[in-house]
C-alpha cells in the first residue's frame, strides 16, 4: 500500500515569517562569532572516536593513538568539504525556487535568508578545513557531474527532500559532537553555529516539502520517491572516501573494506539518518519500493 502523509501540514507562510524573525535575532557571523585564534589541542579528537569509520575494527586495534586522532582529523575534513559542496547545491536549488516564486513573499525571503546562511557556512567550513591543514575531499565524479545536469529539472518536492538528506544527517553528527568535551574546542564552536542555524533550515524544508506534497498524485509521488531514494544512495555513499585512510597512513583498500563491514559504523549511519528516514516515511516519501536504495545508503535496516 502506498504510504500517505500523516503529519499535519503547518502553514508555510507563517513558518517562514517565524523563521525570518528568529533569523533576524539569532544569526551568526563566523568571522566574528568563532574565535579563530583558538589553538588545536594536541590530544583532542576532531570527531568522537565512536563515530570514526574504523572504530572497533581489527585495523583500529592496530593503530596507535596518534594515528586514530589523525584519521578523525581527515574524516572531519571530509565531512566539512562534503558539507560545503552540498550547501553550494542547496544555494543553487533555492535560487531557482526564488526565481520561480519571485522575492516578495515571506517564503521567498526566508529562502534568500537561508542562501545567505549557507554562504557563510561554506566560508566557515572552508576556513576550518584550512586550519586543519587537510587536502580537499570532493564528492564522487558521478555526483559532481550529475547534479548540474539534473538540477534544472528539480521541482519543490525534490529540492526540499534533497536539502534534508545532507542537512539532517550532518546535523545529528554535529549536534552530538558539539557537546562532547573530547572534541577540539574550535570544532565545537563551528558545529554549534551550524547546528543552531541548520535547525531553522530543517524546519523550513519540512514545511515546504509537506506543502508541496499536498495535492500530488500517487503516480507522481512514486516518481519523486524513486528519484530521491537514488539521490540519497549517491549522496550518503560520499561520506566514505579512500583518501582519508591514505592520508592517515593506512592501506585504503583494507581500510575501506573494514569500514564498510564495521557494525559500529553501520550503527552510526543508522543513528545519523534516523530522523530523516522517519520524517520522509511519515510524509509518504519512502515506500516499500524505495527501501532497497535507502538500505544501500546505510540509513535504513
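The values are calculated or read from the model by the stated rules, or taken from the named source; none is laboratory data. These figures come from a predicted structure and were not determined experimentally. All Cβ positions, even for glycine, are placed from backbone atoms using ideal geometry, and neighbour counts span all protein chains on display.
The rows are residues; the columns are (1) buried (at least 20 other Cβ atoms within 10 Å of the Cβ); (2) in contact with a helix residue (DSSP H, G or I) (Cβ under 6 Å, 6 or more places away or on another chain); (3) part of a helix (DSSP H, G or I); (4) at pLDDT 95 or above.
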| residue | (1), (2), (3), (4) |
| --- | --- |
| 163 | yes, yes, yes, yes |
| 187 | yes, no, yes, yes |
| 191 | yes, yes, yes, yes |
| 209 | yes, yes, yes, yes |
| 225 | yes, yes, yes, yes |
| 229 | yes, yes, yes, yes |
| 245 | yes, yes, yes, yes |
| 257 | no, no, yes, yes |
Checklist entry - Would you pick out the residues in the range 119-143 that are closer than 23 Å to residue 193 by Cα and touching a residue at least 60 places away in the same chain (Cβ under 8 Å)? => result 120, 121, 123, 124, 125, 127, 128, 131, 132, 134, 137
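For the structure I just gave you, tell me whether residue 235 is outside any loop (DSSP other than H, G, I, E, B) and surrounded by 20 or more Cβ atoms within 10 Å (Cβ to Cβ). Write out each step before concluding.
Numbers: outside any loop (DSSP other than H, G, I, E, B): yes; surrounded by 20 or more Cβ atoms within 10 Å (Cβ to Cβ): yes.
Yes: the conditions hold for residue 235.
Surrounded by fewer than 17 Cβ atoms within 10 Å (Cβ to Cβ) and farther than 29 Å from residue 115 by Cβ: which single residue out of 291, 214 fits that description?
Details: 214 fails: farther than 29 Å from residue 115 by Cβ.
Only one candidate passes the filter, namely 291.
Within the range 266-293, take every residue that is in a helix (DSSP H, G or I) and in contact with a helix residue (DSSP H, G or I) (Cβ under 6 Å, 6 or more places away or on another chain) and give me the one that is farthest from residue 73 (Cα to Cα).
In the first step, residues of the range 266-293 are kept if they are in a helix (DSSP H, G or I); the result is 266-272, 274-282, 288-293.
Checking which are in contact with a helix residue (DSSP H, G or I) (Cβ under 6 Å, 6 or more places away or on another chain) leaves us with 268, 272, 275-276, 290, 293.
On the way: 268: 18, 272: 19, 275: 26, 276: 26, 290: 34, 293: 30 Å.
Only one residue fits best here, namely 290.
Residues that are within 25 Å of residue 279 (Cα to Cα), in contact with a strand residue (DSSP E or B) (Cβ under 8 Å, 6 or more places away or on another chain), modelled with pLDDT of 95 or more and buried (at least 16 other Cβ atoms within 10 Å of the Cβ): does the range 174-183 have at least one?
Yes, some residue in the range 174-183 is within 25 Å of residue 279 (Cα to Cα), in contact with a strand residue (DSSP E or B) (Cβ under 8 Å, 6 or more places away or on another chain), modelled with pLDDT of 95 or more and buried (at least 16 other Cβ atoms within 10 Å of the Cβ).
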Checklist outcome for this item: Exactly one of 111, 84, 95, 99 is crowded, with 17+ Cβ neighbours inside 10 Å and more than 23 Å from residue 132 (Cβ to Cβ), and that residue is 111
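Considering only residues that are in contact with a helix residue (DSSP H, G or I) (Cβ under 9 Å, 6 or more places away or on another chain) and farther than 14 Å from residue 258 by Cβ, which ones fall in the range 43-67?
From the range 43-67, those in contact with a helix residue (DSSP H, G or I) (Cβ under 9 Å, 6 or more places away or on another chain) are 43-60, 63; that's our starting set.
Once the filter is applied, which keeps residues that are in contact with a helix residue (DSSP H, G or I) (Cβ under 9 Å, 6 or more places away or on another chain) and farther than 14 Å from residue 258 by Cβ, the range 43-67 yields 43, 44, 45, 46, 47, 48, 49, 50, 51.
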Checklist entry - Counting only residues that are buried (at least 19 other Cβ atoms within 10 Å of the Cβ) and closer than 24 Å to residue 229 by Cα, which one in the range 119-155 is farthest from the chain's Cα centre (by Cα)? => result 154
Next on the checklist: When the residues of the range 276-288 are narrowed to those that are crowded, with 16+ Cβ neighbours inside 10 Å and under 17 Å from the mean Cα position of the chain (by Cα), which ends up nearest to residue 223 (Cα to Cα)?
Outcome noted: 280
Checklist entry - Among the residues of the range 53-73, how many are within 20 Å of the chain's Cα centre (by Cα) and without any contact (Cβ under 8 Å) to a residue 60 or more places away in the chain? => result 1
